[in-house]
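Where a number appears in this text, it was derived from the coordinates with a stated rule and is not lab data. Just so it is clear, the model here is predicted, and its values are computed rather than measured. When we count neighbours, we look across all protein chains shown, and the Cβ atoms used for this are built from the backbone with ideal geometry, even at glycine.
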Amino acid sequence: PETDEAAHFQAKVDREIKIEPRDWMPDGYRKTLVRQISQHAHSEIVGMLPEGTWVTRAPSLRRKVQLLAKIQDEGGHGLYLYSAAETLGTSREEMVDALHEGRAKYSNIFNYPVLSWADIGAIGWLVDGAAIINQIALCRCSYGPYARAMERICREESFHQRQGYEIMMSMAFGTKEQKRMAQSALDRWWWPSLMMFGPSDRESAHSSQSMQWKIKRVSNDDLRQQFIDMTVPQADYLGLRMPDPDLKWNEERGHYDFGEIDWAELKRVVSGDGPCNKERMAARIKAHEDGAWVRDAAAAYAEKQRMRKEA
Ligand code: 3HC
């Protein structure tokens, strides 16, 4: 039988009262949030890697500065999200160890290679576009620290999406070769971007509980449909062909019908067997090891400060 604490908790959630760190919460709620928020943070940090490879090869100073700003933002998003997760009783070390030991996930999308500058445009346009759709819903998450982190992240994310679409515009309306690169980027990033929203609702292990707890406010399939409906007209404007022969507007549904997603690919990429998983983890682990002295120095400094205060 439900304890009256659990009943009281669910009544608060049902009345849209935010749950705060010191409130009582079911263990499962805490566990789900630690998993999802730390995975979200890992995605932001790992997401810096594919873009980082193009900072030295950006086609102009303006594009280089934009890309540096975006990468810096993603690092900041990771910090907000790790901090939000720490309010649930986990630590940064535990979360980072879980990632490096393969016990924690990050978004499938960052396991693909960035083959041309047009990919940087497609990432901003599609990947940040998909992330925004997901994150706008998360602004209404029942857990206060997560919902508040989302408010600020969404504002910065829209700059990322716009600068990505501007790159796509300059290439799609550029030379024939540039348009071909833009089309190739769309072809390679479209389906993995749809997979970012997770498995189908009927396959999703966590959705029903997460929706009852109002962690998830809109289902995976509904968010995916929102993204498709918003993005197809943007591709049409660019004069690019959508890499899905089954994609077509369905007047009576008021949505685009689209082809079957290759769920086996999502499973493969999420379980570590994507094109760049090993490279991404090796880069993360090396960065963490190279930065150990900075963490030790900061800890030594903090200890000295504490001793001085106590003296
Ligand atoms: N990549 C990796 N793992 C995924 C995934 C994806 N695209 N989609 C689902 N999964 C995992 C889930 O984590 C879950 O793993 P588990 O069984 O080990 O717990 C499993 O697949 C089943 O999926 P569910 O739909 O049942 O799980 P969720 O209820 O957690 O829903 C989710 C998945 C929609 C991704 C949800 O976790 C979520 O909204 N997370 C926050 C959003 C997020 O992480 N975004 C990262 C996007 S990239 C980004 O933000 C950077 C931006 O700046 C570009």
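When you filter the trypsin sites (Lys or Arg not before Pro) in segment 69-115 for DSSP loop state and at most 10 other Cβ atoms inside 10 Å of their Cβ, you are left with ARG103.
Does the chain come out rounded, prolate or oblate, given a ≥ b ≥ c as the square roots of the eigenvalues of its C-alpha gyration tensor, rounded meaning a/c under 1.5 and, failing that, prolate meaning a/b above b/c? It is oblate, given that a/c is not under 1.5 and a/b is not larger than b/c. Once R0 is set to 30 Å, what does the formula 1/(1 + (r/R0)^6) return for the Cβ-Cβ distance between ALA264 and ASP229, expressed as a FRET efficiency to the nearest 0.05? Rounded to the nearest 0.05, the efficiency is 0.70. Charge dipole (Cα centre; +1 on Lys/Arg Cβ, -1 on Asp/Glu Cβ; no other charges) of segment 89-236 amounts to roughly 240 debye.
Close amide H contacts of LEU247 (hydrogens built in the peptide plane, cut-off under 5 Å, sequence separation of 5 or more or a different chain): GLY259. Sequentially through segment 297-305, phi angles give Karplus couplings (6.51, -1.76, 1.60; θ = phi - 60°) of 5, 5, 5, 5, 5, 4, 5, 4, 4 Hz, Gly and Pro residues having no value and appearing as x.
Note on TRP249 and ARG62: with the Förster distance fixed at 30 Å, the Cβ-Cβ geometry gives a FRET efficiency of about 0.25.
Computing Rg and the Kirkwood Rh from the Cα coordinates of segment 7-101 gives a ratio, Rg/Rh, of 1.15.
For GLU156 and ALA311, the FRET efficiency from 1/(1 + (r/R0)^6), where r spans their Cβ atoms and R0 equals 41 Å, is about 0.45.
The modelled label-to-label distance between ARG103 and ALA292, using points 7 Å beyond Cα along the C-beta direction, is 1.9 nm. Our helix-only sum for the chain, with -39,500 (n - 2.57) per DSSP H run of n ≥ 4 divided by its residues, gives a mean residue ellipticity at 222 nm of -21000 deg cm²/dmol.
The GluC sites (Glu not before Pro) found in segment 80-145 that occupy coil by DSSP, while having at most 14 further C-beta atoms within 10 Å, are GLU101. Across the options PRO192, SER207, LEU238, the greatest Cα extent toward the positive end of the charge dipole of segment 183-311 (unit charges at beta carbon of Lys, Arg, Asp, Glu) belongs to SER207. Here the label points at TYR301 and THR3, each 7 Å from Cα along the C-beta direction, are separated by 4.3 nm in the simple model. The Cβ shell under 12 Å around SER210 holds other residues with a net charge of +4, Lys and Arg each +1, Asp and Glu each -1. Which loop-located GluC sites (Glu not before Pro) does segment 1-68 contain, where loop means any DSSP state but H, G, I, E or B and the Cβ has at most 11 other Cβ atoms within 10 Å? Here the sparse-neighbourhood loop sites are GLU2, GLU16.
Across segment 3-19, rounded Karplus estimates of 3J(HN,Hα) from the backbone phi angles (6.51 cos²θ - 1.76 cosθ + 1.60, θ = phi - 60°) give 5, 5, 4, 5, 5, 5, 4, 5, 5, 5, 4, 4, 8, 6, 8, 5, 8 Hz, Gly and Pro being marked x.
Once a ≥ b ≥ c are taken as the square roots of the eigenvalues of the Cα gyration tensor of segment 81-188, is the result rounded (a/c under 1.5), prolate (a/b larger than b/c) or oblate (a/b not larger than b/c)? The shape class here is oblate.
In terms of other Cβ atoms within 10 Å, LEU138, LEU49, LEU247 run from fewest to most in the order LEU247, LEU49, LEU138. Around the amide H of HIS255, modelled in the peptide plane, lie the amide H atoms of ASN250, all under 5 Å away and 5 or more residues distant in sequence or on another chain.
Within the shell of other residues whose beta carbon sits under 15 angstrom from the beta carbon of SER184, the net charge comes to +2, with Lys and Arg scored +1 and Asp and Glu -1. Summarising the amide proton neighbourhood of SER142: residues at separation of 5 or more, or on other chains, whose placed amide H is nearer than 5 Å comprise ILE215.
Basic side chains Lys and Arg get +1 at the Cβ, acidic Asp and Glu get -1 at the Cβ, and with that the dipole of segment 1-101 about its Cα centre reaches some 800 debye. Extending 7 Å from the Cα toward the beta-carbon at both GLN178 and GLN72 defines two label points whose distance is 2.6 nm. Once C-alpha pairs closer than 8 Å and six or more residues apart are averaged by separation and normalised to the residue number of the chain, the relative contact order reads 19 percent. Shape class of segment 237-306 from the Cα gyration tensor (axes a ≥ b ≥ c, square roots of the eigenvalues): prolate, since a/c reaches 1.5 or more and a/b is larger than b/c. Provide the net charge surrounding MET48, with neighbours chosen by a C-beta distance below 11 Å and charges set as Lys +1, Arg +1, Asp -1, Glu -1. Computed value for this residue: -1. Using the Karplus relation 6.51 cos²θ - 1.76 cosθ + 1.60 with θ = phi - 60°, the per-residue 3J(HN,Hα) values for segment 56-68 come to 6, 10, 4, x, 8, 4, 4, 5, 5, 5, 4, 5, 4 Hz, with x marking Gly and Pro. Computed packing ranks the peptides 231-241, 251-261, 74-84 as 74-84, 231-241, 251-261, most packed first, by mean other Cβ atoms within 10 Å.
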